[in-house]
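*Asks:* Following this message is one structure expressed as structure tokens.
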Amino acid sequence: TRIVVCSERKFSMEGIETENMVVGDTLSLQKKIAAIRAAGPSKLQVIADFDATLTKYNINGQRGQTSHGLLQQGNPEYDRKRQELYDHYRPIEICPEIPIKEKTKLMEEWWGKTHGLLVEGGLTFDDIRKSVANARMAFREGVIELFQILEEKNVPILIFSAGLADIIEEVLRQRIQRSFKNIEIVSNRMVFDNEGNLSAFKGKTIHVLIKNEHALDMAEPLHDKVGAVDGPDIDYVAMKQRTNVLLLGDHIGDLGMSDGLDYETRISVGFLNDKVNESLESYKKAFDVVFLNDAPMSGVINLLSQLI
Ligand code: TMP
């Protein structure tokens, strides 16, 4: 068996370790694995970010598109306007010097303007279908297997994204071609009028910094919605009783996705996609497990096999 050498001491991680996997504190991880395993699958839930976590960061040498990025309104002027907003606000999103309070206001502003342009410029469900069909987007290898294993064990997956729920659902429909009853999507959800035109967005805007708020509390108002991927069967009250969490994200901010939960044990997995040398130390501190180089999901599946 290989040994993971990233912590000060060396522990055998037989059955868990894969290439591209870095563990900062092996002993702590082993304790968490043992605790989750002892509690059983009925106590576990998975909370996952979507873009660049379930999907690949790079596709044939190019950055994979996000749910926002892939959307073509069928009105090039509005696609251009949204791109201009991206060019203005994206550097703000990733600038570490801007205080969080100020940044939160600016992110609200960005999401508000983008949603406004989507409504104003016109968007139909057919635009969504075509955009997804043409998108440079792919799931990490093994994502479907991961969903299947979780379904077999009745473990729910909450996909929490500051992107667009309707797009994520269409990606699942087109790329997976079967539905999973254990998947729920918490993201910005569109409202279409009787003619099939986008008329508004539902509920509170979920932007990158609001992912720090209560994921599950935000999910509840969406319970009455037209079903996610053929209708979820997720019961939020029961969900809150699942006090062990496997969290998957690609930004340190994604750790906030479990804030709404009074969890007992959480194993956090971070996919470090960019600026690996600069960020590895902070990712190792923040996440229990870090995967590098656009790793497939096989490492997470191995880890899961130790948990349930
Ligand atoms: P998330 O998928 O990690 O939750 O974050 C959503 C990303 O979407 C975020 O990094 C910024 C990006 N975004 C766009 O690309 N275009 C937009 O119009 C908006 C509002 C966000």
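*Asks:* All but one of (1) within 16 Å of the ligand (Cβ to nearest atom); (2) without any contact (Cβ under 8 Å) to a residue 40 or more places away in the chain; (3) open to solvent by less than 50 Å² (accessible area, probe 1.4 Å) hold for residue 276; which doesn't?
*Replies:* Evaluating residue 276 over (1) within 16 Å of the ligand (Cβ to nearest atom); (2) without any contact (Cβ under 8 Å) to a residue 40 or more places away in the chain; (3) open to solvent by less than 50 Å² (accessible area, probe 1.4 Å) leaves (1) as the failure.
*Asks:* Identify, please: which residue in the range 172-183 is surrounded by fewer than 24 Cβ atoms within 10 Å (Cβ to Cβ) and modelled with pLDDT of 90 or more and is, among those, nearest to the ligand (Cβ to nearest atom)? Give the steps one after another, and end with the answer.
*Replies:* Applying the first criterion (surrounded by fewer than 24 Cβ atoms within 10 Å (Cβ to Cβ)) to the range 172-183 yields 173-182.
With the extra rule that they be modelled with pLDDT of 90 or more, the set shrinks to 173-176, 180, 182.
Numbers: 173: 18, 174: 18, 175: 16, 176: 18, 180: 19, 182: 21 Å.
Only one residue tops the list, namely 175.
*Asks:* Determine, yes or no, whether residue 89 is in contact (Cβ under 8 Å) with a residue 12 or more places away in the chain, buried (at least 16 other Cβ atoms within 10 Å of the Cβ) and near the ligand (Cβ under 8 Å from one of its atoms).
*Replies:* Yes, satisfied.
*Asks:* Could you check how many residues of the range 171-204 are closer than 23 Å to residue 122 by Cα and outside any helix (DSSP H, G or I)?
*Replies:* Total meeting the criteria: 18.
*Asks:* Please enumerate the residues belonging to the range 128-170 that are open to solvent by less than 30 Å² (accessible area, probe 1.4 Å), part of a helix (DSSP H, G or I) and either more than 13 Å from the ligand (Cβ to nearest atom) or not aliphatic (A, V, I, L, M) (or both).
*Replies:* 128, 131, 132, 143, 146, 147, 150, 166, 169, 170
*Asks:* Select, from 248, 307, the only residue that is modelled with pLDDT of 95 or more and more than 16 Å from the ligand (Cβ to nearest atom). It would help to see each step written out before you state the result.
*Replies:* Details: 248 fails: more than 16 Å from the ligand (Cβ to nearest atom).
Step by step, each of 248, 307 is checked, and only 307 is modelled with pLDDT of 95 or more and more than 16 Å from the ligand (Cβ to nearest atom).
*Asks:* Mind listing whichever residues of the range 69-84 are within 12 Å of the ligand (Cβ to nearest atom) and farther than 14 Å from residue 130 by Cα?
*Replies:* Taking the range 69-84 as the starting set, the residues that turn out to be within 12 Å of the ligand (Cβ to nearest atom) are 69-71, 73, 78-79, 81-84.
Matches in the range 69-84: 78, 79, 81, 82, 83, 84.
*Asks:* Also, quick follow-up: Could you tell me which residue of the range 92-109 is nearest to residue 135 (Cα to Cα), considering only residues that are more than 10 Å from the ligand (Cβ to nearest atom) and in a loop (DSSP other than H, G, I, E, B)?
*Replies:* Among those that are more than 10 Å from the ligand (Cβ to nearest atom) and in a loop (DSSP other than H, G, I, E, B), it is 95.
The values are calculated or read from the model by the stated rules, or taken from the named source; none is laboratory data. Bear in mind that the values here come from a model prediction, so they are computed numbers and not experimental data. Because the Cβ atoms are built from the backbone with ideal geometry, glycine has one as well, and the counts that use them run over all protein chains shown. The protein model used for the area step is the full one, side chains on, heavy atoms only, and it has no ligands, DNA or RNA in it. Shrake-Rupley method; radii C 1.70, N 1.55, O 1.52, S 1.80 Å.
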